[in-house]
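The next block holds one structure in the form of structure tokens; read it before the comments.
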Amino acid sequence: MVNNIKSLGIGLLTGVLIGLWLGVNIGKDQPVFSNPFSNPSLQQKFLDKSGDFLEKSGQAIKNKVPQP
């Protein structure tokens, strides 16, 4: 009985830790098995933000230009 409870506790703790690891990576839009504690480089941040800016700019221009 005690052995079953101990196994259940270890299994739950392992599942919570793995789920937290994967959940943090999913929340940061990183690959699932990457290190959740690593910060992206300045170059990567710049590329991500500039890509978003370019996409939003294109949508704004597309919405302003009258369609024939």
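Just so it is clear, none of the values below were taken in a lab; they were calculated from the coordinates. These numbers were taken from a predicted model, which means no experiment stands behind them.
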Cα-based Rg and Dmax for the chain, in Å, come out at 21.9, 76
Candidate aspartates and glutamates for bridging to residue 64, where Cα separation is under 20 Å - those fewer than 8 sequence places away on the same chain excluded:
52, 55
